[in-house]
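Before any comments, here is the structure.
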Amino acid sequence: MEGIEKLLKEHPFFEGIDAADLATIAGCGANVRFEVGEFICREGEEANCFYAIRAGRVALELSAGNGDIVIQTLDQNDIFGWSWLIPPYRWAFDARAVEVVRAVRFDCSCLRAKCDGDPRMGYDFMKRFAKVIVDRLEAMRLQILDMYGKPTVGV
Amino acid sequence: MKVRPRDFPREDSARASSAASILARDALPALLAALRTRGYQLVGPTLRDGAIAIDRIDGESDLPIGWTEEQDGGRYRLRRREDVAVFGYTVGPWSWKTFLVPPETKLVTAKRDAGGAFTVDAGLAEEPKYAFIGVRSCELRAIQVQDRVFLEGPYVDRGYRLRREAAFIVAVNCTQAAPTCFCVSMRTGPHHETGYDLVLTEIMEGQRHEFLVDAGTERGRELIDELALRPAMIADVEGAEAAIDRAVAQNGRKVVTDGMRELLYRSYEDPRWDDVAKRCMSCGNCTMVCPTCFCTTVEDAADLAGKEATRTRKWDSCHTLEFSYIHGGSLRPNARSRYRQWMTHKLATWIDQFGVAGCVGCGRCITWCPAGIDITEELAAIRRSEEARHGGH
Amino acid sequence: MESQLLESEQTSLADPMATRPFRVAKNQREIDGTHTIELRPADGDGFRFAPGQFTMMYAFGIGEVPISISGDPARAGTLEQTIRSVGAVSAALCKVRRDDTVGIRGPFGTPWPVVPAVGNDVMLIAGGIGLAPLRPAIYHLLRNRARYGKISILYGTRQPADILFRSELESWRGRFDLEVLVTVDSAGRDWRAPVGPVTTLIPRAAVREGIAMVCGPEIMMRFTVQTLLDRGFDADQIFLSMERNMKCGIGFCGHCQMGPAFVCKDGPVFAYPDIEKLMRVRGI
C-alpha cells in the first residue's frame, strides 16, 4: 500500500492533498498495466473506477459509424474516468492504450463510500475532479470550434 | 498665430502694420491671375449640385459670391446672402483632400507579355500644381493631419508629397461659423496659425469691402510684393480680429476634449454604441466628407486580352462591412462596432497613431449624416453614460 | 546575421505601392488548398527579410493579399511564401506555375524577437497554417542553435492530413537538440500522437520559461496565452502574430487597424502586453 501512496504523491492530480486523505485513497488503488491496443474501458459499460496515468498514452474514442474517431488523448500525469461520479455510472467512450500504459486504478465503490463517510475529503476530491472536467471541457470546446477549418469566404 | 502687427504698439492704430497688407476687393482677380501666371491650377469653393463644393475654378467669377449656407444635423441648404461677401459661408461636403488624396488614383499599370511575365509601370505622372483658394483654419489643420499619415510615417506617399509640396495655400480666416462648427473646442480655428502661403480676412464694413492679407511663406510674401498692396493699419487688423471673434462666438457645437482619449478607451462596451447603432445607416457619408479620413482600398482590373492590368486606389469607408473583411467574415460585423471604430479612431486612437486627434471640428459629419448623428453629442453621451455608472472619473 | 536582421527591419522602398515582379521557381503543394511558392526577383537583385515579416503578393489583374514569408531568411535571393487558397487572389496564387510572374511588395512588418531571444529558452506554438510565419524563425534558431537554450515547437492542427511541413517537422523531431510536439483536433485510430488542442501540449513541453512565439487563429492564441501565463511565462515574453485585412501594408489604407495599432507596421508581431486589452474587445 505504501508503494501506491508513493506513486500518487508524484502525480499532479494529488498535489497538496492531505496526507491522511492520500492514505485513504491509496487504499482503493491498485497498479495496472495495459498492452498496446488493449481496451481499458468500453462505451456503455458500468463505470466503477478511474485511472491516474503514470506512463503511456490513452486514446478516448467514439465509434462514428465509418470508423472510430479519437477525440482526445491522455498521457502521463493525466486522470481519466469521471463517469463513476455521476449516476448511472456508465462509460461515455472507449478508452484504448495507444502505448503500453501503466496506471493506478481506483475502485470507486470503495472510494464513493469513503467520500460519503468523510464529506470534507469528498469535497476536496470533488474539487480536484471538477478541475479535470473543466480542463477537458475547455479543450473540447476549442476542438469543436474547428478553428483551423477552411473559411467559407476570403480574398 | 493671429494676424497681429508686430512692430507697433497696439494703441497706435492709425499707423501701418508691417506684417499685414490690404487687398482691395477689386484686386482679388489680380491675386488669382498672379497665381495662374505662376502656373497654378486654381481650386476653390464654387456652387455645384446645390452646395458649395471645392473644385477647379478659372477665376473669381466661379467663387460663390453672395452665397451662404444653412446647415445643421442632417441638413444643408444654400441661401443668398444680403451682401456680396466672397467667403461668407463655412464648409461644404467637399474638402481639399479631394485634390491631395483624390477619390481615385491609379497606382500601377502592369503589362504582360506572351510568355506570361509582366512588367510594372508605377506611372508617376506629373502632379498638378494647385493653388487652394479659401482654405479654412480647420481645413488646413486637416491637411496637416493627413501630412502625418502620408509624409511622416516610415513610408512616404510619393504622389501626395508632390501635390502637397506644390500646393499654394490661400487661407481664409472665418468671420462666421456654422451651428455645426466646433473648431474652438478642438483648438483648430477659426484663426489660422501656420501652414498657409497667404491668409485673407474679409472685411465688410458699410461700403468698405477689402481683405486683410498676410504672408506665411516667402513665396506668399513675393506675391504680396508683386501686387503692390497698401500696408494695413492697426485699425484694419483690429477690425479683422473682431470679425474673427464673431466666428468664435458663433461656434455652434462644443466638446470637452479633456480626457477624451482615455474616456473612449474605457468605453468600448458602453451601451451608447448600441443606441447610435440604431440610428447609423452605415452609409459612410461621414467618412467621405471628413477632411482627415484617409482610408482607401485598391481595385484591380485587367483588359479582356489579359495583357494589361491596373491597380487603382479608391476612397474607402470603415462603415462598410467589407472594410474589415478577413477570411471567414467581417471583423466588425455590425453598425455598433463600425461606428465605434470610426469615432474612437477620430477622437482617441488617432492621437496614439499620429500625435493629434483625427477630428478638426469642421462639423461636416454632422451636417452630411442622413440621420443627423452628431459626434459631439455622441461623445457627450458617452461621458454622461460613464458618469452615470461610476460617478465620473 | 543579427545586423542583417536589423537592417531588413528598416527596409524602405522608393515607391512602396509599386509591386516588384518575381519569377516563380517552384510551386509545392503542401496540404489540401495550401501551397508554398518559391520566388526569385525578376530584376535579379536580392531580397532580404526578417523572420515574421510578410509581403503583399499580387496576382496579375486579380489583386493583392498579405502573405507571410515562410522561407529561410539566410537564403538571400529566394523568397518562399505559403498561401492558403481562401478567395480569388489566394486561389490564383496557389495555381501559379514555374516561370510565371507574380508581384511582391515588402517585406513589411515587425519580426519575431529572435534577436532578444538569444540566451533564452524558446517555445514556438503554432496552429494550422500559423506554422508558416513561424518557420523562418525556426530556421533562424536552428542555424544559430548554440546561441539559444532549450527549444520546443508545439503544433496543433485539424487532423493528421492537415499537418503543414510534415516531413520537416518529422526531421526536426529527430534532432536531439529540439523538442517537437504535434497534436490534432481529431484523428482516426492510426494516429498515435496526441489528440486535443495545442494548449494541452504546453504543460508537457520541455521549455517551461523564456520566450514564447505564438501564431494561429486569434482564438487559439487567446487560449494559448492564458495557458502560458498559467505556466508562469512572463506576459512581456509572449509574442503573437496578428492577422488583419490589409490593402497597402504601409499604414496608408487604414484597413488593418486594431485599436491604435496598425497591424501592418506596428505588427504583425506584437508583445502580448501591447495588445492584451485589444484582444478582449469584440469587433475592434
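The values are calculated or read from the model by the stated rules, or taken from the named source; none is laboratory data. These figures come from a predicted structure and were not determined experimentally. Cβ coordinates were reconstructed from backbone atoms using ideal geometry, including for glycine residues, and neighbour counts include every protein chain displayed.
For this structure, a couple of remarks:
- Strands (runs of 3 or more DSSP E) contained entirely in the range C:172-283, each with at least 1 residues that are among the charged types (D, E, K, R), buried (at least 17 other Cβ atoms within 10 Å of the Cβ) and outside the structural domain of C:I104 (by TED's automatic domain parsing): C:179-184
Quick grid of which residues meet (1) at the interface with chain C (Cβ under 9 Å from one of its Cβ atoms); (2) under 26 Å from C:F223 (Cα atoms):
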site: A:Q76; (1), (2): yes, yes
site: A:P87; (1), (2): no, no
site: A:W91; (1), (2): no, no
site: A:E99; (1), (2): yes, no
site: A:F106; (1), (2): no, no
site: A:C110; (1), (2): no, no
site: A:M121; (1), (2): no, no
site: A:D124; (1), (2): no, no
site: A:L145; (1), (2): yes, yes
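- Unique residue being part of a strand (DSSP E or B) and without any contact (Cβ under 8 Å) to a residue 24 or more places away in the chain when the list is B:V108, B:V120, B:V43: B:V120
- Residues of the range A:108-133 satisfying the condition of being within 15 Å of the chain's Cα centre (by Cα) and free of Cβ contacts under 8 Å to residues at least 24 places away in the same chain: A:K127, A:A130, A:K131
- Qualifying residue in the range B:226-237 (condition: assigned to a helix (DSSP H, G or I) and under 19 Å from B:R36 (Cβ atoms)): yes
- First in the range C:16-45 and within 12 Å of chain B (Cβ to nearest Cβ), second anywhere and part of a loop (DSSP other than H, G, I, E, B) and surrounded by fewer than 15 Cβ atoms within 10 Å (Cβ to Cβ), Cβ under 6 Å, 6 or more apart: C:V24/C:R98
- Out of A:D135, A:D124, one residue alone is among the acidic types (D, E) and either farther than 28 Å from C:V182 by Cβ or in contact with a strand residue (DSSP E or B) (Cβ under 7 Å, 6 or more places away or on another chain) (or both). It is A:D124.
- Yes/no for A:K131 being surrounded by fewer than 16 Cβ atoms within 10 Å (Cβ to Cβ), out of contact with any helix residue (DSSP H, G or I) (no Cβ under 8 Å at 6 or more places or on another chain) and within 14 Å of chain C (Cβ to nearest Cβ): yes
- Of all residues in the range A:110-155, those satisfying the criterion of being outside any helix (DSSP H, G or I) and among the hydrophobic types (A, V, I, L, M, F, W, C) are A:L145, A:M147, A:V153, A:V155.
- When the range C:51-101 is filtered for residues that are among the small types (G, A, S) and away from chain B (no Cβ under 12 Å), the ones remaining, listed by number, are C:G52, C:S68, C:S70, C:G71, C:A74, C:A76, C:G77.
- Counting only helices (runs of 4 or more DSSP H) that sit wholly inside the range B:249-366, those with at least 2 residues that are within 10 Å of another protein chain (Cβ to nearest Cβ) are B:260-266, B:335-344, B:350-354.
- Residue check for C:A161: modelled with pLDDT of 95 or more, buried (at least 16 other Cβ atoms within 10 Å of the Cβ), in the same structural domain as C:P194 (by TED's automatic domain parsing) and touching a strand residue (DSSP E or B) at 6+ places or on another chain (Cβ under 7 Å): no
- Residue match in the range A:48-60 (condition: touching a residue at least 60 places away in the same chain (Cβ under 8 Å), closer than 16 Å to A:R96 by Cβ and not in a helix (DSSP H, G or I)): no
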